[in-house]
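Peer 1: I am attaching a structure below and will ask some questions about it afterwards.
The values are calculated or read from the model by the stated rules, or taken from the named source; none is laboratory data. Computed from a predicted model, the values in this text were never measured in an experiment. Please note: Cβ atoms are built from the backbone with ideal geometry, for glycine as well, and neighbour counts cover all protein chains shown. Keep in mind that these areas ignore ligands, DNA and RNA; they rest on the heavy atoms of the full protein, side chains included. Shrake-Rupley method; radii C 1.70, N 1.55, O 1.52, S 1.80 Å.
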Amino acid sequence: MNHKAAQNLYWDDWQREALAAGVAAALAKLGMEVLQAHRKNRWPKEFLGSEDDGPHMLTMCLDDPAETELFFIENLYPYDAARIEATRVRLGLPSNR
């Protein structure tokens, strides 16, 4: 058995907690990806996505799901202007163009 597969990773726990709190599945998955990317890429603590940011990220998802989804996309894909703009349009948020 793969030892890593048996581990209970905090980003998976966060995703389950977000879903249980009523966060939409797609947004919970994005939040999990932010937490995972932070850890795997060793982003500095100043970047959103450390394990300690979990509660704050959950609050963000519940308080303003559309803005939070855009924020997560901007963090995960900072150089993908087309993806960011498409997300803005899909969510009905103002464009930066």
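Peer 1: 7 Å from Cα along Cα→Cβ at both residue 13 and residue 71: what's the point-to-point distance in nm?
Peer 2: 2.2
Peer 1: Kirkwood hydrodynamic radius, the chain, all distinct C-alpha pairs: what's the number in Å?
Peer 2: It is 14.0 Å.
Peer 1: Here is a further query. Just to confirm the filter: which trypsin sites (Lys or Arg not before Pro) across segment 36-72 are DSSP coil and have at most 11 other Cβ within 10 angstrom of their Cβ?
Peer 2: Loop-located and lightly packed - 42, 45.
Peer 1: For the chain, what does the accessible surface come to per residue with a 1.4 Å probe? Please give it in Å².
Peer 2: Per-residue accessible area for the chain comes out at 66 Å².
Peer 1: Fully extended, how many nm does the chain gain between residue 90 and residue 47 (0.36 nm per residue separation, minus their Cα-Cα distance)?
Peer 2: Answer, rounded to one decimal: 12.9 nm.
Peer 1: Further, regarding this structure: Determine the share of the chain's accessible area contributed by carbon and sulfur atoms, expressed in whole percent, with a 1.4 angstrom probe.
Peer 2: Roughly 53 percent, rounded to a whole number.
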